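Heads up: the structure comes next, in structure tokens.
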Amino acid sequence: MRGNFFAYISGYVRVQVRGQHMEKLLNGMTDLQMKIWGITRKSSGYMELNIFIKDFFRLRPLLKQTGSRVHVIGRYGFPFVLEKMERRKFFAGGIILFLAALYILSNLVWHVEVQGNDQISTDSILQAAKEEGIYPFQWKFRLKDPSALSHELQSRLPETSWVGVQVEGTKVTIKVVESSIPDKKQLMNPRNLVAAKTAVVTEIFANKGRAVVKPNQFVHKGDILISGLIGDEQNQQIVVADGKVRGLVWEHASVTVPLVQKNKTYTGLEKNKYYVVVGNRAVQIWGYGKIPFSHYESIEDRSTLHFHKWPIPLGWIHETLMEDQLKQKQIAVGEAKAIGMKEARDSILRKSGNEAAIQEEKVISEKAENGMLKLEALFSVEQNIAAEAPIISQNLLPNQH
């Protein structure tokens, strides 16, 4: 494809060759390192081929030596496009004026957008931006650097903790983060910390309150772990119990793993397309024809021309269509079991909290049928087991287990 693209840029012609010594002519062209391709022989005694323009004008001596004649049947490439445009000067002038107008219009700010504001009005932000030179129909080259604009706008908007300015095309986006007054810490009512799950306590630390259980003690869901009642019956005080309690909990997991795994792979075949971009429109200039495969992934490589540091609405796109195919792979039961157990572990840890750790695991059921492996497993997970529970009676002492 790169060769075809180079041929388009350099320009080439397709010719008919007639004569009695065409083989000798081809050999001579090869000896002179002329670039020829697309050679087809016709039944009526002639052949057709493509040749670069510069090599075409070197053919005359060979034609005389071999008694051959050529006839141009097609002209292709950028030089011929330029030739047509030269013959159509008014058309070419119109294109130049159109591109110049696009360039001028693309260097204006057409729209100013504000994002992230809730308490601060959009009008006040736009007014501050206008004072810094950000407003519709402003020349983009007259704008300050975005980081400087961000600093100046934040100075004008004391209610913000951060202001960002982004210039993209003809649009300026102002993103703000409003300053917030921290909420007053909510007063907590007296409480106990109780077991959220049935578990065996592995660690307990009472920051406030009185620890009721000890490590290695079995607790049921709802049992008090750290009491908010401290002191004795004659001198009792209620506090907000606080601390850390960890325990071993048996968690159950069920997973199903297909014994046929499907994976997408690339075959290595690809088709390339090239586009010229003017404004928001893309015009294909190369890579026509039917896509030779039915399943593919498209990857675009977009490039934009710049004048100094400002982008202009001209560029090109290189689109690569890569053939892919879905492959099926039969896996062994042991491999499926390993995949299923990993999924089960990940699920258990997500459900048990950030500090959870699996201490033991047991597969209690394993069954392969209908192309699927069904697993059931138990996991011993060390995790936080404390949950808040309000104290509803000052006279009740916590139950001990």
Failed item in (1) touching a residue at least 24 places away in the same chain (Cβ under 8 Å); (2) under 24 Å from LYS271 (Cα atoms); (3) of a type in the set (A, V, I, L, M), with ILE73 passing the rest: (2)
Some residue of region 341-356 being among the acidic types (Asp, Glu), in contact (Cβ under 8 Å) with a residue 12 or more places away in the chain and part of a strand (DSSP E or B): no
Filtered residues of region 277-323 (kept if modelled with pLDDT under 85, surrounded by 11 or more Cβ atoms within 10 Å (Cβ to Cβ) and not in a strand (DSSP E or B)): GLY279
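Kindly indicate whether any position in region 314-327 is more than 30 Å from PHE141 (Cβ to Cβ), touching a residue at least 60 places away in the same chain (Cβ under 8 Å) and acidic (Asp, Glu).
Of all residues in region 314-327, those more than 30 Å from PHE141 (Cβ to Cβ) come to 319-327.
With touching a residue at least 60 places away in the same chain (Cβ under 8 Å) added as a condition, the list becomes 324-327.
Subsequent filtering for residues that are acidic (Asp, Glu) retains 324.
Yes, some residue in region 314-327 is more than 30 Å from PHE141 (Cβ to Cβ), touching a residue at least 60 places away in the same chain (Cβ under 8 Å) and acidic (Asp, Glu).
With respect to HIS318, determine if the residue is more than 24 Å from the chain's Cα centre (by Cα) and not acidic (Asp, Glu). Quick ask: steps written out before the conclusion?
On the way: more than 24 Å from the chain's Cα centre (by Cα): no; not acidic (Asp, Glu): yes.
Considered against the rule, which asks whether it is more than 24 Å from the chain's Cα centre (by Cα) and not acidic (Asp, Glu), HIS318 comes out as no.
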Residues of region 145-175 classified as without any contact (Cβ under 8 Å) to a residue 60 or more places away in the chain and assigned to a loop (DSSP other than H, G, I, E, B), total: 4
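With the requirement that a residue be assigned to a strand (DSSP E or B) and either of a type in the set (A, V, I, L, M) or at pLDDT below 90 (or both), what does region 257-266 give you? Even if it seems obvious, please write down each step before you answer.
Of all residues in region 257-266, those assigned to a strand (DSSP E or B) come to 257-258, 260-266.
Within region 257-266, VAL257, VAL260, GLN261, LYS262, ASN263, LYS264, THR265, TYR266 meet the criteria.
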Residues satisfying the stated conditions in region 55-70, i.e. surrounded by fewer than 16 Cβ atoms within 10 Å (Cβ to Cβ) and out of contact with any Lys or Arg (no Cβ under 9 Å at 6 or more places or on another chain): PHE57, ARG58, ARG60, PRO61, LYS64, GLY67
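Would you mind finding the one in GLY268, GLY231 that is closer than 21 Å to THR320 by Cβ, surrounded by fewer than 16 Cβ atoms within 10 Å (Cβ to Cβ) and either within 48 Å of the chain's Cα centre (by Cα) or free of Cβ contacts under 8 Å to residues at least 12 places away in the same chain (or both)? Give the derivation first.
Details: GLY231 fails: closer than 21 Å to THR320 by Cβ.
After ruling out the rest, the residue left standing is GLY268.
Among the residues of region 346-391 satisfying the criterion of being of a type in the set (Lys, Arg) and out of contact with any Lys or Arg (no Cβ under 6 Å at 6 or more places or on another chain), which is surrounded by the most Cβ atoms within 10 Å (Cβ to Cβ)? Spell out how you get there, then give the answer.
Our first condition is that a residue be of a type in the set (Lys, Arg); within region 346-391, this holds for 350-351, 362, 367, 374.
In the following step, the residues that additionally are out of contact with any Lys or Arg (no Cβ under 6 Å at 6 or more places or on another chain) were identified as 350-351, 362.
Values: ARG350: 10, LYS351: 12, LYS362: 10.
Ranking the qualifying residues of region 346-391, first place goes to LYS351.
Each row is one residue, and each column tells you yes or no for (1) surrounded by 14 or more Cβ atoms within 10 Å (Cβ to Cβ); (2) in a strand (DSSP E or B).
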position: ALA7; (1), (2): yes, no
position: GLN20; (1), (2): no, no
position: GLU23; (1), (2): no, no
position: TRP37; (1), (2): no, yes
position: GLU48; (1), (2): yes, yes
position: ARG75; (1), (2): yes, yes
Region 258-297, residues that are under 30 Å from GLN330 (Cα atoms) and in contact with an Asp or Glu (Cβ under 6 Å, 6 or more places away or on another chain): LYS264, TYR266, THR267, LEU269, PHE293, HIS295, TYR296, GLU297
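The values are calculated or read from the model by the stated rules, or taken from the named source; none is laboratory data. These figures come from a predicted structure and were not determined experimentally. So basically every Cβ, Gly included, is an ideal-geometry build from the backbone, and we count neighbours across all protein chains shown.
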